[in-house]
2 protein chains.
Amino acid sequence: MSEPRTPEMEAIPRGGAPGYLRIATEEAFASSGLFDLYRKLLASRTLDDPGFASLWGFYLGSKSPRATAIIERIQDLGERRLGDMDETGIDMQILSLTSPGVQVFDAATAGAVARDANDQLAAAIASHPDRYVGLAAAAPQDPAGAAKEIERGVRRLGLRGVILNSHTHSEYLDDQKFWPIFEACEALGVPVYLHPNTPSKAMIAPFVEAGLDGAIYGFGVETGLHLLRIIVGGVFDRFPGLRIIVGHCGEALPFWLFRLDYMHRATIASGRYPFMKPLQRRPSDYLRENVYVTNSGVAWEPAIMFCRSVLGADRVMYAMDYPYQFVRDEVLVSDSLPLTLAEKKEYFQENAERVFGLAPRG
Amino acid sequence: MSEPRTPEMEAIPRGGAPGYLRIATEEAFASSGLFDLYRKLLASRTLDDPGFASLWGFYLGSKSPRATAIIERIQDLGERRLGDMDETGIDMQILSLTSPGVQVFDAATAGAVARDANDQLAAAIASHPDRYVGLAAAAPQDPAGAAKEIERGVRRLGLRGVILNSHTHSEYLDDQKFWPIFEACEALGVPVYLHPNTPSKAMIAPFVEAGLDGAIYGFGVETGLHLLRIIVGGVFDRFPGLRIIVGHCGEALPFWLFRLDYMHRATIASGRYPFMKPLQRRPSDYLRENVYVTNSGVAWEPAIMFCRSVLGADRVMYAMDYPYQFVRDEVLVSDSLPLTLAEKKEYFQENAERVFGLAPRG
């Protein structure tokens, strides 16, 4: 729900006023031209992806205040967005192409749209270098091409990581054919933000028929499953320097930490699945040492504090999820966490500076 | 993993020694004859349920220590089980037919097996009334027949609730054809334990191919989705007195509480799904007022304390998940929770006495 401030509300002071900068780490934009391609794809009915039809059929077709406000805001990388950031006390946005990005297109289209989106993003950052940081879009449909575009995005355009929106045509990144992407990210020292997508077609039916395929639940299941597949598939054993960020307080995997370890150990011991091979560490170790989480969509002290407690204070970052969850008072929820000023600075600012390799701003 | 005490370990004292009785609330048994029917069903290849094939193909086919120990223990309702309870300090087990119970059979077979299992369970309770309490099996394949069997189980056999193992042939209980079951439970004043099953066939593919369909993750997703469908489908508005218990610290729904409320409100406001109609209360209200959770499989202070904090101390009960997670030291984890003696008594004993209508034991 988009809930900008009403006239009687004051803007939340930023610029270090509270003792820290607020860096919002999962903030979406739509590149110019993207929605025209989405509309064409929806109209053509050539894509077998019920989740995409549900999600973008809604946002691009609905006249509801939620849909129209989001569609307006998400395409703006100029004064409107900066004004919204000013009103809600956000100093910087870590920007990424909105989900599912280019991952619904054929490989050639996806590659071209990713390059164009990255160029647009770099231009916006060049205009507002103190307000915007960017993550590169990439097309997993062509893993080698994606690796090249990530390298271009990081080395030439100054982008600080990669956004991947869960499944690509129902395929998951534990498949070794995608590993050139991880290899590039590890070599370049940049993180992957594993962002939600709607559940893939092989699992969406019981979700979408009940209206649960989107942000209410399906996003979290799809993305939690995906990260878990990456973990048990041995990706972090192969790429120990790889860092993956997930939003929404870790898509509930922190809550499952004990059970993941217990049942992974039991499953390995009994040799139940050929896919599931012994790992060098426990699932919880990868979650604590290779994974970072943000609180996008979860402006709720219990879940944020839980993640800090079980993963570590250095693993949890602030996110607003603009414009999907543009709610002024949710910023104040994070401001009011039961933390010291130094801890709040870590959560709002320093963890993001470290993870994305930003120059510390003091 | 089955990890009974080794000879050097002492039995954990029970009988009120710590200041409370330990009532374990999600404890499984297999009725005599059930596994023969499962073996026949697996061999016949007539059931289109990859989760059942994965789960029971493993337990009934594997020679691993985990599988063989569980298969031995689960069929015993006599001295072996009582000895295991004595060793691990368990005063009472709330017994239920193991998942997926009768829900994989045709309606006629399912009804007959449920009646037989309930009779066997009642006989075991009659032999050990101070150690066993039972939940009735029922066959959702025939909702009216299930309602009758629940009534027989409660009124004639003295059972204290109903066990339902998530989907029945891929169908979910939000479908109104199943509501006679909820009507009977509400009228009789007994709770439903919504126990995990493997994900239904319409969603299992991305789980099972990665070895994640079982207790490590798929169980939780299937059951969390199911409870959420029940909530957003309006079951608790129609049956406000209905109580549902879920294990595994609420199958992560307590962790999602904020997002469920936010996105449910946003989805209703935008009229996105015909299925999703306005409810009388927020999703979190049903979770706090109609739902109870147990810590089966989650012997982990952070998740248990989180549930107590966000749902209420009166909503969280102890469970061992015998014999699937028969680990002596996990009892000590619950004994060591940072709670007062009165709070531990509530968690281990009094909440279960109230929820299952047991005579308080002092």
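Some points to look at:
- For the options A:Ala252, A:Ala137, A:Ala114, a Gaussian network treatment of chain A with springs between C-alpha atoms closer than 10 Å singles out A:Ala252 as fluctuating the most.
- Inter-copy label distances at A:Pro13 (7 Å, Cα→Cβ; nm, one decimal): 6.0
- With label points set 7 Å from Cα along Cα→Cβ, the inter-copy distances at A:Ala202 are 1.8 nm, sorted shortest first.
- For the pair A:Ala202 and A:Lys40 in one chain, pulling the backbone fully straight at 0.36 nm per residue adds 56.0 nm over the alpha carbon distance.
- Pairs of lysine residues in segment A:23-355 - Cα separation under 24 Å, sequence separation of 8 or more or cross-chain: 5
- Cα-Cα pairs of segment A:109-248 separated by more than 24 Å (percent): 32 percent
- Label spacing, shortest first and in nm, from B:Asp329 to its equivalents in the remaining copies (7 angstrom along Cα→Cβ): 4.6
- Mean per-residue shielding of peptide B:261-270 is 6, counting Cβ atoms of other chains within 10 Å of each Cβ.
- Antiparallel beta bridges, as assigned by DSSP with both residues in the protein assembly as shown, represent about 5 percent of the total such bridges.
- Convex hull volume per residue, computed on the Cα atoms of segment B:23-355, equals 129 Å³.
- Taking 0.36 nm per residue of separation and subtracting the Cα-Cα distance, full extension of the segment from B:Arg265 to B:Ala126 would add 45.2 nm.
- With a 1.4 Å probe rolled over the protein heavy atoms of all chains, the accessible area of A:His248, A:His169, A:His195 falls in the order A:His169, A:His195, A:His248, largest first.
- Gain in span if fully extended, A:Asp237 to A:Ala17, counting 0.36 nm per residue against the direct Cα distance: 75.0 nm
- What a 1.4 Å probe finds exposed on chain A is 52% carbon and sulfur by accessible area, rounded to a whole percent.
- For segment A:1-117, the per residue solvent-accessible surface stands at 39 Å², with DNA, RNA and ligands left out and a 1.4 Å probe.
- Taking A:Met85, A:Met263, A:Met203 as the candidate residues, the one with maximal mean-square fluctuation in a Gaussian network model of chain A, Cα springs under 10 Å, is A:Met263.
- Of B:Ser200, B:Ser170, B:Ser99, the residue with the greatest mean-square motion in the GNM of chain B, using alpha carbon springs below 10 Å, is B:Ser170.
- Förster radius 56 Å - calculated FRET efficiency between A:Thr68 and B:Met9 (Cβ-Cβ, nearest 0.05): 0.30
- Measuring r between the beta carbons of B:Asp285 and B:Ser170 and using R0 = 22 Å, the FRET efficiency lands at 0.15.
- Share, in percent, of DSSP beta bridges within chain B that are antiparallel, nearest 5: 5 percent
- Accessible area of B:Arg315 in the full protein assembly, 1.4 Å probe (Å², nearest 10): 20 Å²
- Volume per residue for the protein assembly as shown equals 152 cubic angstrom (convex hull of Cα atoms).
- Label-to-label distance, A:Leu332 versus B:Asp329, with points set 7 angstrom from Cα along the beta-carbon direction: 4.7 nm.
The values are calculated or read from the model by the stated rules, or taken from the named source; none is laboratory data. No experiment lies behind these values; they were computed from the predicted model shown. Note: ideal-geometry Cβ built from the backbone for every residue, glycine included; neighbour counts use all protein chains shown. Heavy atoms of the whole protein, side chains included, go into the accessibility calculation; ligands, DNA and RNA do not. Shrake-Rupley method; radii C 1.70, N 1.55, O 1.52, S 1.80 Å.
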